[in-house]
Amino acid sequence: MFSRPQHTLKKEVVFSGVGIHTGKEVTIRFCPAPIHSGIIFQRIDLPGKPTIPAGVEYVQDTSRSTKIGVGGCSVQTVEHVLAALSAYQIDNLCIQVTDGEPPIGDGSSNVFVDLIEEGGIEEQQALLSIQSVQQPVYFSHGSTHLIALPASEFRISYTLHYPNTQVIRSQYYSLTISPQNFKQELSACRTFALYDEITYLMEKGLIRGGSLENAVVIKDDVIFSKEGLRFPDEMVRHKILDLVGDLALVGFPFFAHIIAIRSGHASNVGLGKELMKHLSRRQSNE
């Protein structure tokens, strides 16, 4: 078993913007938290300012993003925030929001990386155990497959397959998740969607805050984006970013090599639940 110091931020940091689905102006504030607090979201706009732990057991919906909640209190699209916090090994933080969805920024995790670096990382006087996968743990549904294999690091290898979309086709990327790799290779990669999907969501009023300022739109062999692609394979890199964020809901760090094929939020969370059961059993037996 490995261990490392727990981390929080040195000071509060704040950012305001719009939620991609709600279109509402929202402020997010990262507040330092004491050891063993974990990551929690707090809806300071609601009576009593209720909190929601960032855990797979609190996932309420995964249809267009990952939504967590307790009872009638919820926060959706948490994956981009959690990806940055997980990659930077931030273990204890209260994330205050003034609405039910964090600001989308430019559709990537860049704004949350900036907040972490602005706040500064503080090493805390307590250790955190890093669990290791000891046998394959998997989740499959249809043509979607994820498997976690034993490893001495946290690595993700992802295959994206859009056979009917010429500019995507198949993309593959693999890397070890670390603060440096996340910032250089993943954090700038934006959410993307096919034009037909966007049209449907717009008609249903489900992406009121979406625009080319915060998303990449693909139609046939054409890519619509404010600035073009940031990487030739930006799409598969964003899928890895989402997977890092969804697996952060396991609630504690772990070592594994995650191999994912065509996964999305629902299957990511499905694997996260299997991992939590596997790793929690190991933790209780040690």
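The values are calculated or read from the model by the stated rules, or taken from the named source; none is laboratory data. Note that the coordinates shown come from a computational prediction; the quantities given were computed from them, not determined experimentally. Cβ coordinates were reconstructed from backbone atoms using ideal geometry, including for glycine residues, and neighbour counts include every protein chain displayed.
Summary table below
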quantity	calculated
Which numbered condition Ile20 misses (of (1) modelled with pLDDT under 95; (2) under 11 Å from Val75 (Cβ atoms); (3) of a type in the set (Val, Ile, Thr))	(2)
Tally of residues being modelled with pLDDT under 95 and not basic (Lys, Arg) across segment 28-64	1
Any hit, segment 194-206, residues being of a type outside the set (Val, Ile, Thr), within 15 Å of the chain's Cα centre (by Cα) and farther than 26 Å from Phe255 by Cβ	no
Where Thr191 falls short, out of the listed (1) of a type in the set (Ser, Thr, Tyr); (2) under 16 Å from the mean Cα position of the chain (by Cα); (3) modelled with pLDDT of 95 or more	(3)
Among the candidates Arg281, Arg230, Arg262, residue that is of a type in the set (Lys, Arg), surrounded by fewer than 21 Cβ atoms within 10 Å (Cβ to Cβ) and closer than 19 Å to Ile104 by Cβ	Arg230
Residue, nearest to the chain's Cα centre (by Cα), within segment 214-227, restricted to residues that are farther than 21 Å from Gly17 by Cβ and either surrounded by 15 or more Cβ atoms within 10 Å (Cβ to Cβ) or modelled with pLDDT of 90 or more (or both)	Ile218
Qualifying positions in segment 1-15 - part of a strand (DSSP E or B) and over 21 Å from the mean Cα position of the chain (by Cα)	Phe2, Ser3, Arg4, Pro5
Yes/no for Ser143 being surrounded by fewer than 13 Cβ atoms within 10 Å (Cβ to Cβ), within 20 Å of His265 (Cβ to Cβ) and among the polar types (S, T, N, Q)	yes
First in segment 245-274 and within 13 Å of Leu85 (Cβ to Cβ) and in a loop (DSSP other than H, G, I, E, B), second anywhere and at pLDDT 95 or above and of a type in the set (Gly, Ala, Ser), Cβ under 6 Å, 6 or more apart	Gly251/Gly55
Qualifying residue in segment 16-35 (condition: assigned to a loop (DSSP other than H, G, I, E, B) and free of Cβ contacts under 8 Å to residues at least 24 places away in the same chain)	no
